[in-house]
Each structure stands twice: as structure tokens, then as C-alpha cells.
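Read the structure below first, then the notes.
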Protein chains: 2
Amino acid sequence: MANPVLPSSGVLSPLGLDAVRLSPGFWGDRMALNHEVTIAHCQEWEEREGWIGNFRGERPRRGREFSDSEIYKLLEAMAWAGHPGLTPLAETVAKAQEGDGYLNTRWSGSRYTDFEWGHELYCYGHLIQAGVARLRMHGEDVLTQVAVKAADHVCRRFMEGTETCGHPVVEMALVELYRVTGTERYLEMARRFVERRGLPALADIPFGRAYYQDDLPVRQAQVFRGHAVRALYLASGVVDVAVETGDEELLKAVESQWERTVARRTHLTGGMGSRHADESYGEDYELPPDRAYNETCASIASIMLAHRLLLATGDVRYADLTERTLYNMLATGVALDGRSFFYANPLQVRVPAVPLDGVNHAAEGGLRSPWFDVSCCPNNIARTLASLPAYVAAATGDGILIHHFTPSQLRHQGLAVRVETGYPWTGSVSVRVLADGEGRIGLRVPAWATDATLAHVPVSSPDAPLPDGPVIRPVSPGYAHVDGPWRAGDEIRLELPMRPRWTFPDRRIDALRSTAAVERGPLVYCAESVAEEPPLGAVTARVEPPVEREVDGVVVLEVPASIGAEPDGGWPYASVEADREDGTDATLRLVPYHRWGNRGPATMRVWIPI
Amino acid sequence: MANPVLPSSGVLSPLGLDAVRLSPGFWGDRMALNHEVTIAHCQEWEEREGWIGNFRGERPRRGREFSDSEIYKLLEAMAWAGHPGLTPLAETVAKAQEGDGYLNTRWSGSRYTDFEWGHELYCYGHLIQAGVARLRMHGEDVLTQVAVKAADHVCRRFMEGTETCGHPVVEMALVELYRVTGTERYLEMARRFVERRGLPALADIPFGRAYYQDDLPVRQAQVFRGHAVRALYLASGVVDVAVETGDEELLKAVESQWERTVARRTHLTGGMGSRHADESYGEDYELPPDRAYNETCASIASIMLAHRLLLATGDVRYADLTERTLYNMLATGVALDGRSFFYANPLQVRVPAVPLDGVNHAAEGGLRSPWFDVSCCPNNIARTLASLPAYVAAATGDGILIHHFTPSQLRHQGLAVRVETGYPWTGSVSVRVLADGEGRIGLRVPAWATDATLAHVPVSSPDAPLPDGPVIRPVSPGYAHVDGPWRAGDEIRLELPMRPRWTFPDRRIDALRSTAAVERGPLVYCAESVAEEPPLGAVTARVEPPVEREVDGVVVLEVPASIGAEPDGGWPYASVEADREDGTDATLRLVPYHRWGNRGPATMRVWIPI
């Protein structure tokens, strides 16, 4: 079962890379680009920066204290992709492992002297995740041996005591290693790491203990807080522990934290983590478009968490947020060339970025960059795209649920289907049954699809040359099911309404007052201005139905707008209110947010003053 | 001449602590509290934290790499205040000075190995400023000897070469030492530091060289950028160099940078520096109320710069911004108890701060704290309040200009006057001539005072028992002058209109869209909610004339408002716009921004949705 997450219980069971194959299409193309370009790109940069050399003992050691983890994320990507570079890279890693399983190129010689910032357990977490991927896709080899040896070392060193790591991730890795090996101490170790946190287990720091979720025990928390990637990796591990230990209370705690976080601390794109200073969530309703940090890795962590909650509960809301995050964050994080990335993902950029020729040290939003000083995001994208089929569908007791619509083939027990669709550009999804079989087929109807229809079109039978026409029925957001039995050639047709729609923010989101955004299907749109295009500094849109146009296979939208003057002024606060209507009529072109930044330095805004 | 800034030329000459004495009143009370409470408070904490012990060689050394500078700022405050603690503290400092003048408790033994972050020249800058204050208030002593020896060391070590400090301040200190001693090499050293910057002189860092204004030469910059305190300290030093060397081009460069910064990068309170991550300005129109960093020290630096530009040019705009910054930033930075401080000064706080019993490590806004890990702000407040009389008035060729209205007595050449006023609570300012004399008296009419009046009321003469009534004339923003000669008892009465006024932001300030603020006189007001008071999360105000009430000597304002419901919701983005009128009618009480946070943990907002 080739899955990154394989719970032993839950409402849904995942369908893995052995059950789902993506065909050319929105996601299949990105997965292919990832295999062909991005994985090699990451490896090249990790060599160039010396982070792989660290494992060869090259001195001085280079990179940040957690740079080992980037190689592990890349190894995980290679494992899912069946990439031939894996074995030699894993052998390089293996040589740096010490006799007792300890492995870290930064802290060897001063082991475990800095739990707050050292990232040693964090690095093991990514190593173990790579090992799990390899075990599931291939079986034992040098990488899996290194990972198991490291996990055993962790259990010996940390089973007793009160210590944990400033950056969670080892928790979910250990549970998955338990799931693949059946070795219970890995689960127990993960459980202890979860329960230790917040007692507290770590030192106080200027950011406060909430930064690494050590401010209170996870069972008592009300909302995700602090560093977003840490919060979401921890929550993912907590769900894993809860599911494997049957701890309903623990699961409910995370569910309710998720719910509050989505209601108050999530950007329209699904991005999480508003603040730059500590990469943290910030307060409820602190959702500034311009300074939204929205680290790409946080969105990947959000997908990991929502996937776990979906499997555990079967609640479609988790799949809805995953779709939003996939199309507006993951797809945004990597450029069309597969070689340049966003680290921060603001929803507004006022000043075009200055192009760089190398590492983007600042990792500010607005500049698609080949590499960063901290390059978690490219490697995280690589491992996520390489395992993306595992997120597409899931098995119920009596059939399958298709969560994400992209050209693909799915097999599960007696069912085999092919999904054909131009989604997200069109709303027509065809699910064609490939062989006679049994089982219920469910399709997710996204929350935004308020007037979708479903048709079951039985294949023409030789006995009935004039079959009844398909029955078309309205379906509501949630799941729409069709029961078998099936004959090869039967088809389900889902029609999702793709009218562009205006979206308005909760009044408590101060930074978005008197603005609106446009969405179409799962895509958030934005206005983008490069070079000589009309500036966006004083634009006001009229809330009228956007006009659709297709440009190079992409649906772009146009709305009427007014472009105000931008005078050189003095003091910018006055005793009279500016007239919002005061400006030149213009047509504002909106492009999918995930496409922005591919045409060179630009200004951009998702939320448009109205 | 007891002045922190004493240019040898310029349109205006400052009146120092020997010419201006504050009486009880808004600023006189704060100055007295500073003398009686704040200075001792700072010294106690610097002992407790070990920063003074560093000079005694106590080990391990404690505090940040720049903690020496806090002792120097405190010494400067003591020098202006004539505080008896100065000499023993200066003697402690003196013992740590090395034979060649080098003095730094952190870097002794590894001198000048980190110009980017080492802050050695920055520390000298504050030491020299303390020495200048002492020379002007007292004359030579142990402190001035240490300072001069350090300055001579700096000139020997740095006159040749390309090096400078990551944190400016030594530039203006050296110019002032030149002004007080006449030693030209100090001016030349300052000039070279200014001209070296941006060639570049420092290494690139992840924040970018703009962080410390090393991205381009100061003559080429268009706007203040990067770390706000650094930018403003540098600009102050540049003005000093420009004035002393007669470099008009250099002065014009700073003037135009100031102009653009005020128009695009300044908060309503006068606060500067929007970003937390690097304490920087951010982009044009990036002025978020909730995440406004607005470091107290940046506001002090802004006052220092505007004062220099005012003296050089006589342009009243610099005094207007100074007033705004004094009443809404400096007065806000220290609590009514004189022992607790704001470091960051946001214009909106959504979640009440959690009270702390000691050092505020995070230095986030919203919590008045006794001390910080980086405690520049308390010491900076102390030295500024101790020298505040120097900012009140200035001399022209033929008289005086009174810039700031607070109970005080002023003497200059043949003129002696007493200012009486309840400003900023009332708009009546009386300037009473104390002795027969000559000279023109000018009063600043603030930019917001669009219908002020001025009356010249000659003293009753024994020869004319029924004098003509005073002539009341309208005066426009700028300066209003009355010419002498004067008789003891003559009076000038300025009446400033104190009607509360609504203020609206430039449409390009995205974070303030559809909000307004209320000002009255020089004061910015805010809504504050403690404990059980109505929450501010979904408040909408109606733009009607605020009603004034006096509460304990403070004018508070009331405006009609609607308090919306704050439902626990799901996804906070919807297809319909919330009705802004939907809420419960309420009266919103507004208090002066500088008073907020004195009643315990609170939420607060300056900009109110309308």
C-alpha cells in the first residue's frame, strides 16, 4: 500500500500510488514536471550548497543546523518517484550514521545540547518519513536501514525523560514507521513526545513557548498558534497517535483546533501563518494580504493534517480545504518551469520584486526563486507532488470516494474507473467504469458548488439498443453517491457550476475591509500587473459578473474597474474622505492566483477594493 | 548652551535647557516624573540585569552585544537632569576603558570583528552623546574624559579605510563633539562615515543591505528604508554633517527623503517602521494598524531628525511632525507611573496582553513593561524627556519662535516670557512678557489649526487707564508673529480650535480602507476596551461630531457606533457582504492614544470602521 499515511482504522482508507495513477492534466503534468525537473533541481542545489557534502564529512560544514532534513525530504520525493538517484544519495547519508544510530552532520560531537533550536529529532523525522516511503514503494534497502536504526536510537535515548524537539515532525514519522513495521515502541515513543509537549518540555524563548507549541498541552489548546509549520506538523502527529491509540478525546481536540483555525486564521488561498517575524499564525482575524507569510511548507503541512482528519472522520470539510490549498498554495509554490519557488505567499504585492540570479536570502513573497538559505519549500513540494495520487481518492467500506478531480485511473478491489476532466478550467467530470464490478462510487461536491448536477449514464447494452436517457439529478455540497453494480463503459457525469463568483471577507478581518475577491471553481483569482500594465495601487472594482476568456488554456476573468490617480502627496491623512469613484474606467484582468509571478516582476492583489 | 543639538549655522538656533524651563503641566510633569522615577528605574534594572556589572568585569558577561549603549543613554539622561548618580556610574564605566581609548564590554579581545552586528561604533556614539551632554551642562569630568578618549580612538582607528558600523549614531555624536570642542577631526570622521555608507561598506545579510542603509549612498536614496531607528539616526547625522560642511546637496537629499517618508511611510501617530521582522519601514503605504511596529526609539529618532531639519531650514512642517510624535509617541511610550514602557506601538490591539511580572522578552505592543531584553526604549525616553526643554522653542535672528505649547518660561537675549496653557486639553495659549524688552515673538500655528486667532494684549499703562481692547486677528497654519518692543505684562493670546475632527486615510493605505480616526488638537484618539467594556472586534462608528467630556482632567470623546455580533463561524469568506449597519447601537468612548494601556490589559483601535 503505497501511501504516506496508512492508518489502521478510520472512516476512510487511503488509496495509494498503487491504486491511483494520474494522467496528463492539471496535476498529472505537475507531477511529471516534478519527476523530470524539480527533483534533479533540488539535488543539484543541495550539492552546490554543500549540504550533501556535509554527509561526506566535507569541512567546514555548510548550511543551517537543519540542512540534513532537506536531503531527507528529497530522498522521500525520490522514494515516491522511484527515482534512480535514491540509492547513491542514501549511501552517502548512511556513511555519516554513527554506530548507535545517531545521525546529524551539525551536532555530532555535541549531541542533544539544544533541543529548542537544534532540530535533531526534526531531522530524524524527515529521515524516517523517507524510510517509510521507501519501505512502502520498494522494500528494505540502505535508506530504510538507516531510518530504522535512527528510530531505534531515538527510542533508546528518549523513551524515558521529558525531552522533545523544538520542531515537531518526528511524531508522525514514528507512527508511520510503526504502521509499516508493526513495532509498537515507535508508536509509544510518538505518544510520549506528544504528551510531553506543553508540560512544558522546552525552554522559554523571546518568541514565547507558543512558538513551538510548548505553551500548553495539546489537549488543552483551543487553536493552532505559533509557528505554523510546527503547529501543523505537530497536529498531524497528534492525529496519528490518536487514531492508533483509539484516543477519541485527543482526536476531538485537534478537530476543534482545526475548526477554529480555519474560521479565524486562514487566508482565502488556504494559506496559514500571517506573520513574518516568527512565521506564526498571529491572532484571530489577523489576515493581512500584503504581509501574509503563508509559507508554502505550512500549506503542505495543512494538506497533511486535513488528509489525516479526512481519513479519520470522513468529514468532507477536510477535503474541501485540501482542494483549496492544493490549487491555490501547492500549485502556486512551484513555477511553470519546475525550477523556481515561492517560500512566502502573500495575497498582495505592492512593489515588483527585484530579480535575483541565485539564492533568495530573504525568502520574501513576490519572487519565484531557485533556492533559499532555508530550502524546506522546494523539497517539501517535491515530496508532496511525488506522492500526490495518494490524496486523490479514498476507500469506504463499500466502494470509493473521489475527492479531487484530475485525469486519472483508480482501482480498488472490484472497481476500476477512469476520470476525465478539464477541471479546474471546466466543471465537467466524467467517471468511466473500466470493468464490470461492484461497489458504490462517491464524488465530492465542493462546498462552493451550490448547484451541481450528477448523471448516471449506463453503457448501451446490446440487448437495449435504445437505452433510457441519463437521469440528471441535482446534488448538494458533500458527497454524491452512485451505487453499483457496474458494467464496463458505465459513466457518471458530474457537472460543477464554474461561474466566477465574488467573495467577501468576514467584517472582523480588518485588513480586508471593503474589498472582495473573485473565485471560480476551486481557484482564487488575482489581479496582476507587470511592466506597463495599469497599476494596482488605487484600483477599485465594480462587483459585476466577471467575463471569462480563455488564454492559452487558462481561464482569465475581466471585471470593470476604476484606476484612481496616485498623486505625490504630503501628509496622507486628511479631513475629507477620498472619492472612491474618482478614477479612469478600466478593465481589470484577473488570473488564477497560482499562475501569478510567471511573467516576471509584478504587482498583484487578490482582494480588490470595491 | 545646554542643547543636545547646537549647529553652527542654520535658519534657527535652538534654545537650550539654560533658556527654557518647564513648569508643571503636560510636559513639565512628565519631565519631573522622569527625573524622580524613570532614571532610577533604568539604573536599577541595568544593575539587576548585570549590564552595569559588565563594566566591573563581572563574568559571565550579560546582556546583548550592545547593552553598553543603554548605560550610556542613561548617563546622557543623568547629564541633562543633573542627576547625582552620574559620577559613580561614569567612574564604573571609566574603569573598563582600555589604554588606547577602546571601550566595549562585549568585544574587548576580539575588537572590530563584526561591523555588521557588533555595534561597537554605535556604543561609542551613545557614549559621546553622553559626554557632550555633560560638557554642556557641567564641564569636563570623568565622563567627558572617557568620551573624548573614545572619540580620539575612533578617529585614529577609522579615519582611513572603508569601515563603518551596522548601526548608525556615531555620526551625529561626533559632529556634536566637534561642535562642543571645536576639534575638526571629529567632524571629518563623521563626514567619512556618512560618505562610506552604501558604497557599500558592510556585508550583505539576509535582510538585505537596505536594513542598515548600506544599499546605496545617502545622496542617492529617495526615501527612508530598512531598520527605522538606523535610518533616522543616520539621517540625523547626515544633516549635522551637511550643516557643518555647508553641503546643500546633502541637506536637500535628506529633506526629500523625509518628505516622501512622511507622505507614504508614517502612521497617524507619527510612528515609523511598520514591520516586526526587521524593524523596518516596509513599502510605501504599508501602514497596518495592528502590526505597526512603530518602535518608541524610532519616534525619538524621528524627533531628533525633524528638530535638526527645523533648525537648518526653519520649515514649520518639521515642528508639526515633532508635535505629533511628541504627543502620540513619546507620551505614549512611558506609562503614567514612569516605570513601564511600550517598545512597539501598534494602532490596533485585538487581544489583551497577558500581564508579565518582569522582562517583556517579546517586546510586542499592547503591554506596558518595566524592561525588555533590548531596553533601548526606556533609556531613550529618559534622555529625551531630560532634554525636552531644548525642543520647545528656537531663536531667530530677531526674536524667538515658540514651537510647543506647555507651561514654561523662556529667556533669550532681551526677551523673557512665561507660557501658560492647558494645552493639549485646551487651545488657549497665553504668552506673558516678563520684562521690558525687544524682539519678535513667533508662535507656531499647527497645520491642523485652520481657524486659529491671535490677540496682542498690551499691559495696562498707568498713562492710559482704559487701553484699547486687544486686536484679535485670524492666523493661518505656519508661524504667527508679533513684533516688540515689549513691556512687562504684555500678553499674546493664541486660540487654537480644539474641535475634535475626523481624519481619513489615503486610499492607497490598504490596511485602513473604510476606517476613520478622531483627532483633537495634537492628539490622536483611540477606542479602548478593558474587561467588560463593549468589544471592538465588529464595531462601526458613525461619522458625526464627537461629544467632549472631561474625566479626571483628560478630555475623552464619544461617538455613536454600532457593535456587531461576533458569531462563531466557519469559513470566514462568503458570497454575500456583511451588513455594516447590523449591530447594536452603542456609544463608543475615545481616549487619547497616549493614555491607552494604563488601565490594564485592553483591546484598542485608532482607526475605526465607518
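Structure values in brief
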read-out	value
Test item: Cα-centred dipole of chain A, Lys/Arg +1 and Asp/Glu -1 on Cβ, debye	520 debye
Cα coordinate range in the range A:501-609, projected on the principal axes (Å, largest first)	48, 33, 22
Highest average packing first - B:64-74, B:168-178, A:437-447, B:201-211, Cβ atoms within 10 Å	B:168-178, B:64-74, A:437-447, B:201-211
Shielded by partner chains, the range B:318-350 residues - at least 50 Å² of accessible area, 1.4 Å probe, vs chain alone	B:Arg350
Most to least packed among B:449-457, B:503-511 [average Cβ atoms within 10 Å]	B:503-511, B:449-457
Value of relative contact order over the range B:501-609, rounded to a whole percent, pairs C-alpha under 8 Å and six or more apart	36 percent
Local electrostatic count, B:Gln409, Cβ distance below 13 Å [Lys/Arg +1, Asp/Glu -1]	+2
Gyration tensor (Cα) of the range A:82-135, equivalent ellipsoid semi-axes in angstrom	23, 13, 9
Estimated vicinal HN-Hα couplings, Hz - the range B:52-63 in sequence order (Karplus 6.51, -1.76, 1.60; Gly, Pro = x)	6, x, 4, 6, 7, x, 5, 10, x, 4, 10, x
For the range A:13-391: span of alpha carbons on each principal axis (Å, largest first)	53, 45, 45
q = 0.09 Å⁻¹: log10 I(q)/I(0) that the Debye formula gives for the range A:145-301, counting C-alpha atoms only	-0.29
Shielding by partners - mean other protein chain Cβ count within 10 Å, residues of B:201-210	2
Sulfur and carbon atoms: percent of accessible area, chain A [1.4 Å]	50 percent
Charge sum, other residues only, whose C-beta stays under 15 Å from A:Gly109's C-beta, Lys/Arg counted +1 and Asp/Glu -1	-2
Interchain or long-range residues, amide H under 5 Å from B:Gly314's placed H	B:Val11, B:Leu12
Distance violations [Cα-Cα > 24 Å] among B:Lys149/B:Lys252; B:Lys95/B:Lys149; A:Lys73/A:Lys252; B:Lys73/B:Lys149	B:Lys149/B:Lys252; A:Lys73/A:Lys252
Computed FRET value (nearest 0.05) for A:Glu47 with A:Ile205, which takes r as the C-beta separation and R₀ as 41 Å	0.80
Long-range HN-HN contacts of A:Gly226 with modeled amide H, under 5 Å	A:Tyr281, A:Gly282
Number of partner chain Cβ atoms within 10 Å, mean per residue of A:285-291	6
Relative contact order (percent, whole number), the range B:24-391, Cα cutoff 8 Å, 6+ residue spacing	15 percent
The range A:24-64: radius of gyration and largest Cα-Cα distance (Dmax), Å	14.5, 45
Pairwise burial A:B, computed as accessible area of each alone minus the pair, summed, 1.4 Å, Å²	5000 Å²
For the protein assembly as shown, alpha-carbon Rg relative to the globular expectation (2.2 N^0.38 Å, N residues)	1.02
³J(HN,Hα) computed for each position of the range A:347-360 - Karplus, 6.51 cos²θ - 1.76 cosθ + 1.60, integer Hz, glycine/proline x	9, 8, 10, 8, 10, x, 5, 8, x, 10, 9, x, 4, 8
Among A:220-228, B:88-96, A:569-577, A:298-306, the order from most to least packed when residues are scored by Cβ within 10 Å on average	A:298-306, A:220-228, B:88-96, A:569-577
Accessible area in square angstrom per residue, the protein assembly as shown, 1.4 angstrom probe	34 Å²
Lys/Arg +1, Asp/Glu -1 at C-beta; chain B dipole; positive extreme among B:Ala541, B:Cys376, B:Leu410	B:Leu410
Centroid-to-centroid separation of the range A:410-460 and the range A:8-42 [C-alpha atoms, Å]	19 Å
The protein assembly as shown - share of DSSP beta bridges that are antiparallel (%, nearest 5)	95 percent
Peptide-level mean, for B:563-570, of C-beta atoms on other protein chains within 10 Å	3
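The values are calculated or read from the model by the stated rules, or taken from the named source; none is laboratory data. These numbers were taken from a predicted model, which means no experiment stands behind them. We place every Cβ from the backbone using ideal geometry, glycine too, and count neighbours over all the protein chains shown. Only protein heavy atoms, including side chains, enter the accessible area calculation; ligands, DNA and RNA are left aside. Shrake-Rupley method; radii C 1.70, N 1.55, O 1.52, S 1.80 Å.
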